[in-house]
1. Leaving out ligands and nucleic acids, and using a 1.4 Å probe, what accessible area per residue does the chain come to in Å²?
2. Can you compute the modelled spin-label distance between Arg22 and Arg7, with each label point 7 Å from Cα toward Cβ, in nm?
3. Once both labels are modelled 7 Å past Cα along the beta-carbon direction, what's the Ala30-Ala15 spacing in nm?
4. Taking the chain as the reference, fit the longest principal axis to its C-alpha atoms, fit the long axis of helix 26-40 to the helix C-alpha atoms, and give the angle between the two in degrees, 0 to 90, nearest 10.
5. Taking all protein chains as present, what is the carbon and sulfur share of the accessible area of the chain, in % to the nearest whole number, probe 1.4 Å?
6. Radius of gyration and Dmax for the chain's Cα atoms, expressed in Å?
Amino acid sequence: MLSNLDRKQVDRLYALLERAEREGDVDTAAALRWAIFTLENNV
């Protein structure tokens, strides 16, 4: 379970991911997906 702070971080990362995808920045999008995965799965 994510803490409130972690949830806010993940929400911000999702916003950045959407922006990166809109701008066609595949490298940043991939890094953001990995960061989100790591936080959501407590890796």
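The values are calculated or read from the model by the stated rules, or taken from the named source; none is laboratory data. Computed from a prediction, not measured in an experiment: that's the story for all the values here. As a convention, Cβ positions derive from the backbone with ideal geometry for all residues, glycine included, and neighbour counts pool all protein chains shown. In case anyone asks, the SASA skips ligands and DNA or RNA and just uses the protein heavy atoms, side chains included. Shrake-Rupley method; radii C 1.70, N 1.55, O 1.52, S 1.80 Å.
1. 79 Å²
2. Placing both labels 7 Å along Cα→Cβ, they lie 2.5 nm apart.
3. Between Ala30 and Ala15, the label points sit 2.6 nm apart.
4. Compared with the principal axis, the helix lies near 10 degrees.
5. In the chain, the share of accessible area belonging to carbon and sulfur is 55 percent.
6. 10.5, 32
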